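Participant: Quick one: this structure, given as structure tokens, is what I'll be asking you about.
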Amino acid sequence: MDEYLWHTCDILADLVEGRLDRRPLIASTARLGYGDRVLAVGPGQRVSWRALGDGSYVHEGGFAVGSPAFVLASMAATALTNSSRRNQAWRNAQPRWVMDGTSEITISVQGMFSAHPTSALSFYWQSDGWREIDLVGPDVFQTSFVDTRGQYSTVRIHTPWASLIFALTARASFPAHPRLLGRSWLPPDFEERCARMGRPCRPAAKLMLNHGGT
């Protein structure tokens, strides 16, 4: 993880200081907007907070013909089946984190793009759809947003580039976010640890505060 965080600081420092042109070009299959530039490419997994069902289920009815013992046994079996279906439907209606898919993600100056064939996802740092963002782990970016269809969603992106995604989003759309102002999008001892290892990182956390706008 430290290697990704070190490169995150390097990328952000170049972005803030207007030195992206000195960085090597990075290949990506993502479709970019005019003038956009790829900053990083890596693995990503999308997980959504949602229910698997709406609480409905098929109620089994019917009748049984035969001896009283057979009829009672059949009724008991039907009741047990319906109870099991009802309980499963209730469990499916409870929201939980559900994995949507794994794919390569592209992080650019303008946004993040995931090209999964069934759960593609695109974020633009300056989108009006953002509602909340957080970095719930060094490799987990979480956000709630309203998509282009007007639907509210909460997702997590598991990727070693999570801190880069968070910092870019916060800089563009959440400039007063506590993690940005408190520099806690990096581990508290990260810069000191890099210096002790003889590979000091650039002061991206400070630069992001001094150049809060995009």
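The values are calculated or read from the model by the stated rules, or taken from the named source; none is laboratory data. Everything numeric here is computed off the predicted structure, so don't read it as measured data. Cβ sites come from the backbone with ideal geometry, for glycine too, and all protein chains shown count toward neighbours. Ligands, DNA and RNA are excluded from the accessible area calculation, which covers all protein heavy atoms including side chains. Shrake-Rupley method; radii C 1.70, N 1.55, O 1.52, S 1.80 Å.
Participant: Of all residues in segment 8-58 being over 18 Å from the mean Cα position of the chain (by Cα) and hydroxyl-bearing (Ser, Thr, Tyr), which is farthest from PHE166 (Cα to Cα)?
Facilitator: The selected residue is TYR57.
Participant: I need every pair where a residue in segment 99-119 that is over 15 Å from TRP161 (Cβ atoms) has its Cβ under 6 Å from the Cβ of a residue that is of a type in the set (A, V, I, L, M, F, W, C) and assigned to a strand (DSSP E or B), sequence separation at least 6 or different chains.
Facilitator: Hits for this filter: MET99/VAL47.
Participant: Restricting the search to segment 12-56, which residues are open to solvent by less than 60 Å² (accessible area, probe 1.4 Å) and among the β-branched types (Val, Ile, Thr)?
Facilitator: VAL16, VAL38, VAL41, VAL47
Participant: Give all pairs with beta carbons closer than 9 Å in which a residue from segment 1-21 that is small (Gly, Ala, Ser) meets a residue that is open to solvent by 30 Å² or more (accessible area, probe 1.4 Å); count only pairs at least 6 apart in sequence or on separate chains.
Facilitator: Here the result reads ALA13/ARG19; ALA13/ARG202; ALA13/PRO203, each pair linking segment 1-21 to a residue that is open to solvent by 30 Å² or more (accessible area, probe 1.4 Å).
Participant: Now for a different question. Just the residues that are open to solvent by less than 50 Å² (accessible area, probe 1.4 Å) and either modelled with pLDDT of 95 or more or over 14 Å from THR8 (Cα atoms) (or both), please, taken from segment 187-203.
Facilitator: Within segment 187-203, no residue meets the criteria.
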